[in-house]
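Everything below concerns the one structure shown next.
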Amino acid sequence: MSTPAEVDIALGILDHQLVDADGVNCGKVDDLELTGLDGGSPQVAEIIVGGNAWRSRGLLGRLAAHLSGDAVHVPWSEVDSVSSVVKLKRPASELRLDEGDRRWSALVGKVPGA
């Protein structure tokens, strides 16, 4: 992003769709890592996607976190723009956002009719 802008994190970023540089949907923003909270100038450091980012979302969130493994941390510097989606600068595979697809496709691919 070229120019810093004020954004309401809860409305403008959390739970928004992530779209990689190729235009492929690659998850949602599950959580954010913030820095500068003590200094009065907070900034987003990383987007946290999937995995253990869900552990604070009740019983189903804890179950999903347990089944899906570690979350993926995407540096904020990889964000190209924020609108109704969060557009990334690189493809999902370079940011490790396709690991869940590969892991689950091996299992789901064995289900008849999948």
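Bear in mind these aren't lab numbers, they're just calculated from the coordinates by the rules spelled out. Bear in mind that the values here come from a model prediction, so they are computed numbers and not experimental data. Every residue, glycine among them, receives a Cβ derived from its backbone with ideal geometry; neighbour counts consider all protein chains shown.
Simple spin-label estimate for Lys89 and Glu33 gives 1.7 nm between the two label positions (7 Å along the Cα-to-Cβ direction from each Cα). Simple spin-label estimate for Ala45 and Leu11 gives 2.8 nm between the two label positions (7 Å along the Cα-to-Cβ direction from each Cα).
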